[in-house]
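Here is the structure we will look at, set down as structure tokens.
Just so you know, all these numbers are worked out from the coordinates, no wet-lab data involved. Model, not experiment: these values are computed from the prediction. In this analysis, Cβ positions are derived from the backbone assuming ideal geometry, glycine residues included, and neighbour counts consider all displayed protein chains.
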Amino acid sequence: MEKNNIQPETTYNRPTPFAQTYFHGTKGDLKIGELIEVGYNSNYGQRKSARFIFLSATLDAAIWGAELAWGEGKQRIYLVEPTGPIEDDPDLTDKKFPGNPTKSYRSTHPFRIVGEVASWQGHAEEQVNQMKENLKKLSEQGINSLND
């Protein structure tokens, strides 16, 4: 049997189809290469200066992000790469959804836009309206995001 002569350092630098893809849903009109950063008005809630930015490893969660974002702009889903550490989004984990099944994360570090999902199917209008109504009821009860 022949000996494998592949040098270990060359195997680590090869592109892989298994890299984690992250999505960011918004109504912001952004360009490839731009950074999404903290400090701007949030897309949600009370529109405070955002302390965190959000991404998801599932397209469905990013679609919700685009559909629920504040404003009248076009709903967009961007492919993003984190530039620093990310952590579970506490609004969608812990007791509410143990184990983070939505694969939703947040960070204080920027995300670089590396692409845009050109074609995706949103949720039914009735479903979006119901979600907005549920969020409104929570807000009226004083239950707000842990991320404000």
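If R0 is 30 Å, the Cβ-Cβ spacing of Gln121 and Asn100 corresponds to a FRET efficiency of close to 0.80.
Projecting the Cα atoms of Gln130, Ala69, Pro98 onto the charge dipole of region 19-140 (Cβ charges, centred on the Cα centre) puts Ala69 farthest toward the positive pole.
Scanning residues 5 or more positions from Val80 or on other chains, those with amide H under 5 Å from its amide H are Tyr22, Phe23, His24, Val114, with H placed 1.01 Å from N in the peptide plane. About its Cα centre, region 19-140 has a charge dipole of approximately 240 debye under the convention of +1 per Lys or Arg Cβ and -1 per Asp or Glu Cβ, with nothing else charged. Round to the nearest 0.05 the FRET efficiency obtained for Asn134 and Arg51 when R0 = 25 Å and r is the Cβ-Cβ distance. After rounding to 0.05, the efficiency reads 0.60.
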